[in-house]
Amino acid sequence: MSNTILMIKKILLGLFFIFLANSILAEEIELLHADEWLLPKQAVTILEMPAISKSMQQLQKNMNSSLLLKYPGGDEGTLWVNELRSWLIALGLSSKRIELVQGSVNPATIEFEILTDKLNINSTVANKELL
């Protein structure tokens, strides 16, 4: 009986550490909604969009990080993410720091995720060299 309790405690402790590690490594994902992107675009209005503003600030803090953009599939999603990518490059972000991946959860959003060296191990672009 005591061996069973000890084993359960070890399992619970292991699950706790897994949960703790995941919460520490979890990166906040910002969302850019399609209705935001429909607004007239100028550098100032683009930089005021919360997902872009927060992501650019995080990228400036860590020059070894990169930006993963998960976009909706289809022609519209591809056009949208390419326009966004062009704007980010025009605003000074190196194209080498932008990764595009089809498959956002919501078809009306683009997901922004900052990838740092520690997070790249678990990312979908782990095998690419990020500059």
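The values are calculated or read from the model by the stated rules, or taken from the named source; none is laboratory data. What you see is a predicted model, and the numbers here were worked out from it, not measured in a lab. Don't worry about glycine lacking a Cβ; one is built from the backbone with ideal geometry, like all the others, and counts go over all protein chains shown.
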- Query: Among the residues of the range 47-98 satisfying the criterion of being in contact with a helix residue (DSSP H, G or I) (Cβ under 8 Å, 6 or more places away or on another chain), hydroxyl-bearing (S, T, Y) and crowded, with 18+ Cβ neighbours inside 10 Å, which is nearest to T116 (Cα to Cα)?
  - Reply: S65
- Query: Within the range 14-46, how many residues are surrounded by 10 or more Cβ atoms within 10 Å (Cβ to Cβ), of a type in the set (A, V, I, L, M) and either over 26 Å from T116 (Cα atoms) or modelled with pLDDT of 75 or more (or both)?
  - Reply: 7
- Is it true that some residue in the range 99-115 is within 25 Å of M63 (Cα to Cα), out of contact with any Asp or Glu (no Cβ under 6 Å at 6 or more places or on another chain), of a type outside the set (F, W, Y) and part of a loop (DSSP other than H, G, I, E, B)? no
- Taking the options S94, S86, name whichever one is of a type in the set (S, T, N, Q), within 16 Å of L32 (Cβ to Cβ), more than 15 Å from the chain's Cα centre (by Cα) and at pLDDT 95 or above. S86
- Query: For T78, are the conditions met, namely being in contact with a Pro (Cβ under 9 Å, 6 or more places away or on another chain) and β-branched (V, I, T)?
  - Reply: yes
- Here the qualifying pairs (Cβ atoms under 8 Å; residues six or more apart or on different chains; first in the range 54-69 and in contact (Cβ under 8 Å) with a residue 24 or more places away in the chain; second part of a helix (DSSP H, G or I) and among the β-branched types (V, I, T)) come out as L69/V81
- Matching residues, the range 27-51, being under 17 Å from S66 (Cα atoms) and of a type in the set (D, E, K, R): E27, E28, E30
